[in-house]
1. What is the distance, in nm, between label points placed 7 Å from the Cα along the Cα-to-Cβ direction at residue 83 and at residue 185?
2. Taking R0 as 25 Å, what FRET efficiency do you get between residue 35 and residue 55 from their Cβ-Cβ distance, rounded to the nearest 0.05?
3. Roughly how many nanometres apart are two label points built 7 Å out from the Cα toward the Cβ at residue 226 and residue 209?
4. Using a Gaussian network for the chain with springs between C-alpha atoms less than 10 Å apart, which of these wobbles most: 83, 212, 191?
5. With each run of n ≥ 4 DSSP H residues scored as -39500 (n - 2.57), what mean residue ellipticity at 222 nm is computed for the chain after dividing by its residue count and rounding to the nearest 500 deg cm²/dmol?
6. Looking at the chain as a GNM with Cα springs under 10 Å, which of 116, 35, 244 has the largest mean-square fluctuation?
7. Assuming R0 = 30 Å, what is the FRET efficiency of residue 166 and residue 99, from their Cβ-Cβ distance, to the nearest 0.05?
8. Once the piece of chain linking residue 131 and residue 305 is laid out straight, how much longer is it, given 0.36 nm per residue of separation minus the C-alpha distance between them?
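Readers should treat all values here as calculations from the given coordinates under stated rules, not as data from a laboratory. Being a predicted model, the structure only gives us computed values, none of them experimental. Neighbour counts are summed over all protein chains in view; Cβ atoms, including those assigned to glycine, are modelled from backbone coordinates with ideal geometry.
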Amino acid sequence: MSDSSAKAGVADHVADATPAPLARRIRSLSDRTIAWLFIAPTIILLLAINIFPLLWTVYLSFTNYKANRSAPIIWQGTHYYTDILSDPDIWHAMQVTAHFVFWTVAIETLLGFALAYLIDRRFRGHGFWTTVILIPMMLSPAVVGNFWKFLYQPQIGLFNYGISFFTGLDPSSFQMIGEVSLAPWAIVIVDVWMWTPYVMLICLAGLRSIPDYIYEAAEVDRASTWRRFWSITLPMALPFIMLAVLFRGIENFKMFDLINLLTSGGPGSTTEVVSITLKREAFESWKTGYSSALAIILFVTVFGLANIYVKALNRVKQR
């Protein structure tokens, strides 16, 4: 079938499903025009819900606009940006965020890959245990946050009693979400518990993508299990591992709901990540222009780091 007949066929099919007055016009349209007619509503919707809010936020970041009052909007220039970048509280929140992202991503990657490696051995009952491991990922952050907040209660929570059983400490002698030294690790534990299965799935996809003949050739060469792991399994699964790190790093950099439910940034500002600071500036202090500038700084930071990381990921994939 020629290209002209194929185009005419598409136009005819569309024309048959339309009223007669429009049918003649539709039959004269090219395939490309018809495709744009179908795609245009989606593009307009994406521009409306993604691009416009971003541009509006950029505009507000240069003004003194506050959402809780109707006052003349005054152009501030880069005043808010300089204030944010020189604010020690913002840098403290950045450090808290970096601590949370680093430890959660590192632990989730190690545990996720280890679980994927074990499940890929296809032991008896591996399907059942895979489903069990995936349960935390299926829960909503609101459920997980309230569930673990109850577990962390020093008087009735099972977490403290579990620690007491193995260490002999008094269950009421420490508070995981109430002490400065323990609260950051409390939210790390919850995030690792919830999202390690997600990393496991991505790593498992990488392990399953390795052809069997490569392992068979290694067995013919009498390579040891340890040698096969370092020379075949890990290098070929590395792009998937890096992809999991990218996804979890982006998600945890903007983590809000889980931390807000567990500690609300406390005790003090020990667990106040940047997203908590942004929420307080925007909806408690009603500094809309200031919070918009902070949101743009966070967006540029995540976008820049992700762009650098994706370039490194592409280099690994091309090796």
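1. With each label point 7 Å from Cα toward Cβ, the separation is 3.8 nm.
2. Efficiency computed from Cβ-Cβ geometry: 0.40.
3. 2.9 nm
4. 212
5. Mean residue ellipticity, 222 nm, calculated: -23000 deg cm²/dmol.
6. Of the options given, 35 has the highest mean-square fluctuation.
7. On the way: r = 26 Å, r/R0 = 0.85.
FRET efficiency, residue 166 to residue 99: 0.70.
8. Once the chain is fully extended between residue 131 and residue 305, it gains 59.3 nm.
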